Amino acid sequence: MLAAIIAIVMELGVSSAIVLGFYARPLAIVIAIYTFGTSIIAHHYWNMTGIAQYTNMVNFYKNLSIIGGLLLLSVTGPGKYSLDRK
């Protein structure tokens with residue numbers, strides 16, 4: 001139950017704030033750490049075999065690319081129409 005509440009807050013609340021540009025830089029780092037943690041927990045392909053290993057490996061590296069985009073956002077900041085700029 002607690003994990004579901006954390007997931008809802010992180011994935012809906014923090015993501016919505018990032019889209020609006022409200023504290024985008026620090027929240028991008030927070031959700032990048034969250035994404036890395038969930039990737040380690042949910043997509044541990046190094047302990048699997050067969051098709052399960054392949055699909056979890058794809059999802060793990062997909063999440064790593066999302067983390068890269070979030071870290072880029074934390075460096076460059078939000079755009080000119082964000083709430084942080086106002």
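None of the figures in this text is laboratory data; all of them are computed from the coordinates on show. Every value quoted in this text rests on a predicted model; they were computed, and no experiment measured them. Backbone-built Cβ (ideal geometry, glycine too); neighbour counts: all protein chains shown.
Note on the range 48-76: residues that are more than 16 Å from the chain's Cα centre (by Cα) and more than 24 Å from Ala4 (Cβ to Cβ) total 8.
Within the range 16-30, residues that are free of Cβ contacts under 8 Å to residues at least 12 places away in the same chain and of a type outside the set (Val, Ile, Thr) sit with their Cβ atoms under 8 Å from residues that are in a helix (DSSP H, G or I) and surrounded by 17 or more Cβ atoms within 10 Å (Cβ to Cβ), at 6+ positions apart or across chains, in these pairs: Ala17/Ala24; Ala17/Leu27. If a residue has to be touching a helix residue (DSSP H, G or I) at 6+ places or on another chain (Cβ under 9 Å), assigned to a loop (DSSP other than H, G, I, E, B) and exposed (fewer than 15 other Cβ atoms within 10 Å of the Cβ) to count, how many in the range 28-76 make the cut? Going through the range 28-76 one residue at a time, the tally reaches 2. Check the range 16-24 and report whether any residue there is assigned to a helix (DSSP H, G or I) and among the β-branched types (Val, Ile, Thr). Yes, the range 16-24 contains a residue that is assigned to a helix (DSSP H, G or I) and among the β-branched types (Val, Ile, Thr).
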